[in-house]
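Trainee: Below is a structure I'd like to ask you about.
The values are calculated or read from the model by the stated rules, or taken from the named source; none is laboratory data. The model shown is predicted, which means the values in this text are computed figures rather than measured ones. Cβ: placed from backbone, ideal geometry, glycine included. Neighbour counts: every protein chain shown.
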Amino acid sequence: MRLLVGVSLISIALFAISCEETPTGPSTKSIQYSVTGTAGITVDITISNENDDTSQFSDVLVPWSFSFQAKKGHFLYVSAQNQASSGTVNEIIYIDGKEWKRSTSEGAYVLVSASGTCP
């Protein structure tokens, strides 16, 4: 009986260990939001930040960037609205230094956004 209980406990322990997640890569990724555009324009920016909260920045002169660390599954979002009567607004989301999403819009008071789930 003791042998059966001992074998059962060892089996349960081995099963529990095998169910633990093992990392296959870095646990976080470096994220950078970049907003550029026609020289001299200002934009209003909304982002999903490192805490999965929304942050807003008003009357920001381009170029502008914001960097943070995020885990797989984190929702990434950046939008910018041109506050001028003309001009171009560009957005890029970089993950670990590589371009991941890009969006561009041109015109008076245009809104441009880029988003997705961190891979």
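Trainee: Just name the residue that is nearest to the chain's Cα centre (by Cα) out of those in the range 42-86 that are surrounded by fewer than 19 Cβ atoms within 10 Å (Cβ to Cβ), in contact (Cβ under 8 Å) with a residue 40 or more places away in the chain and within 18 Å of ALA108 (Cα to Cα).
Mentor: The extreme case among them is THR42.
Trainee: May I ask you to list pairs of residues, at least six apart or on different chains, whose Cβ atoms are under 6 Å apart, with the first in the range 97-110 being farther than 11 Å from SER34 by Cα and the second being assigned to a strand (DSSP E or B)?
Mentor: Hits for this filter: TRP100/ILE93; THR104/ASN90; SER105/VAL89; SER105/VAL112; GLU106/THR88; TYR109/ASN82; VAL110/ASN82.
Trainee: Could I ask something else about it? Being at pLDDT below 95 and closer than 19 Å to LYS98 by Cβ is the requirement here; does GLY25 meet it?
Mentor: yes
Trainee: Of the numbered conditions (1) modelled with pLDDT under 95; (2) in contact with a Leu (Cβ under 9 Å, 6 or more places away or on another chain), ILE93 fails exactly one; give the number of that condition.
Mentor: That leaves (1) as the condition not met.
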